[in-house]
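Each remark here refers to the structure printed beneath this line.
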Amino acid sequence: MSGKPIFTDRTRIETYETCPRKRWWLFEVGGRGLEPVRLVAWPLLTGSLIHKGIEMVLKGTPLAPAIYHLQREYEDAVRDYLDALAEEARPTEAAEFRENLDLVEALVRGWIAVGLPRLLADYEILAVEQEGQATFLVDGCEIALLTRSDLIVKRLTDGVPLLVNFKSVADPSSNWREQWRYDVQTFSEVLAVEQQLGEKLGGVIVEGLVKGKRLDYPQGSGQWYFNSPLTHCWYRSGEAELGTPEWAPRYEWVCAEPHGRCPGGATHRLGKGFRKVRVSEAYPGGVEAWLAYLLGTDRELVEQQFLQLPPILRSDYDIDEWRTSALPREVEIHRAAALADAAEGVERLRLLRRSFPKHTAHGNCLRPSKCAAFELCWGTAAEEPLLSGFQWRVPNHPAEVSER
């Protein structure tokens, strides 16, 4: 058995399954992998700060200081980016920044208000954002499967531990809900945490945080926003003929109970003059005050933005099949990467084509967004990556750093 373990994690495994060449560029080349030098990547930054905000509150930071910290961190992350843009591009990008900043605040505040009490009604929180590692001996090599669990909880009725994963989602469709029954995370993280705890888990709970679809309003304007009732509302100004300003979370709604001349089940729409606006700009007190208003007047709408899927429990057969498929492949990848990394020129290219082929079908290089390794595969960045917008990958797990 070799001295150093082979590190892997869910992201590496998923990347190889998406495209072996992408795995090579992002995790294997140079024994480290490369990553684009990005001043800001909105989805990644937004998702990481939502996780961080929930983590801070669950670890004892009061909500208001946690939100303030997230806002300052977001602003620091994008300041240089906005300053570096051409003047004509700044308004659009600045608006994108404000959209994402509002979304971080709304989803953190909203989950703490409705998601956390729902979770605590059935579970006790054991650990928050905990690093984990499971080790396996495969073909004479030690595989270290690294994980970071959002939450580890214990069911109150029987004391059985479960995992909780936070997932932001634009549209929680039936396909989105069903996919987690087959996702690699319900294999890999379960193995690591079970080895760490020394007992079987009762499943994986997915907490869906709905950010809303990205739409343009007015339609065709090119002014994009997240269609979330937590960050946008319908507004009618308080001009003389209309009276005081009005705000509404829904453009159309159905009466739950009859009242006056209105029969139960009747559909209503807002009157003329209402337009969609950002809560942080139009509602007094911004996102915090708007969320408090919704919780008092339309709590159901808030709860609809935070989904708790039933625990997903994979069979021992499924887990064993995944383990005996994925982990031996990681040994093969490690050995193939070492050979390719030691080779040069035509020989390296031959090894890459054999062990790390490009997967290009169905627009894989461009969808759902342009691949992070696109310029390495299709541009000229591969010649001198560190001078072409790439840097060595920053390890995502402390265990990797300690081995350097």
Study note, to complete from the structure: The one condition Glu189 fails out of (1) in a strand (DSSP E or B); (2) acidic (Asp, Glu); (3) buried (at least 19 other Cβ atoms within 10 Å of the Cβ) is (1)
Revision key, fill the gap. Result of the Cβ filter at 9 Å on the range 177-198, keeping first residues that are within 17 Å of Ala144 (Cα to Cα) and partners that are small (Gly, Ala, Ser) and in a helix (DSSP H, G or I), at least 6 apart or interchain, is Val184/Ala326; Phe187/Ala326; Ser188/Ala326
Point to revise | So Thr157, is it at pLDDT 95 or above and hydroxyl-bearing (Ser, Thr, Tyr) | key: yes
Practice item. Being charged (D, E, K, R) and in contact with a Leu (Cβ under 9 Å, 6 or more places away or on another chain) is the filter; apply it to the range 23-54 and report the residue that is farthest from Arg214 (Cα to Cα). Key: Glu35
Exercise for review: Can you confirm whether the range 162-171 contains a residue that is at pLDDT 95 or above, out of contact with any strand residue (DSSP E or B) (no Cβ under 7 Å at 6 or more places or on another chain) and not hydroxyl-bearing (Ser, Thr, Tyr)?
Suggested key: no
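Restricting to the range 345-372, name every residue that is among the aliphatic types (A, V, I, L, M), without any contact (Cβ under 8 Å) to a residue 60 or more places away in the chain and touching a helix residue (DSSP H, G or I) at 6+ places or on another chain (Cβ under 7 Å).
Leu351, the sole residue that qualifies.
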Study note, to complete from the structure: Scanning the range 339-358 residue by residue, those under 32 Å from the mean Cα position of the chain (by Cα) and exposed (fewer than 15 other Cβ atoms within 10 Å of the Cβ) turn out to be Arg353, Pro357
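Give the range 361-391 a look and list any residue that's closer than 17 Å to Pro20 by Cβ and of a type in the set (A, V, I, L, M, F, W, C), or say none.
Taking the range 361-391 first, the residues closer than 17 Å to Pro20 by Cβ are 361-362, 364-365, 371-374, 376-378, 382.
Within the range 361-391, Ala361, Cys365, Cys371, Ala372, Ala373, Phe374, Leu376, Cys377, Trp378, Ala382 qualify.
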Exercise for review: Among the residues of the range 359-397, write down those that are outside any loop (DSSP other than H, G, I, E, B) and surrounded by fewer than 12 Cβ atoms within 10 Å (Cβ to Cβ).
Suggested key: Ala361, His362, Gly363, Leu387
Practice item. May I ask you to say which residue of Arg353, Arg335, Arg348 is touching a strand residue (DSSP E or B) at 6+ places or on another chain (Cβ under 9 Å) and either basic (Lys, Arg) or not assigned by TED's automatic domain parsing to the domain that holds Glu375 (or both)? Key: Arg335
Exercise for review: Tell me, please, whether a residue that is at pLDDT 95 or above and surrounded by fewer than 15 Cβ atoms within 10 Å (Cβ to Cβ) can be found in the range 38-60.
Suggested key: yes
Review point. Restricting the range 109-142 to residues that are in contact (Cβ under 8 Å) with a residue 60 or more places away in the chain and out of contact with any strand residue (DSSP E or B) (no Cβ under 8 Å at 6 or more places or on another chain), which is surrounded by the fewest Cβ atoms within 10 Å (Cβ to Cβ)?
Key: Gly140
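The values are calculated or read from the model by the stated rules, or taken from the named source; none is laboratory data. Here the structure is a predicted model, which means the values were calculated and not measured. Heads up, the Cβs are rebuilt from the backbone with ideal geometry, glycines too, and the neighbour counts pull from every protein chain shown.
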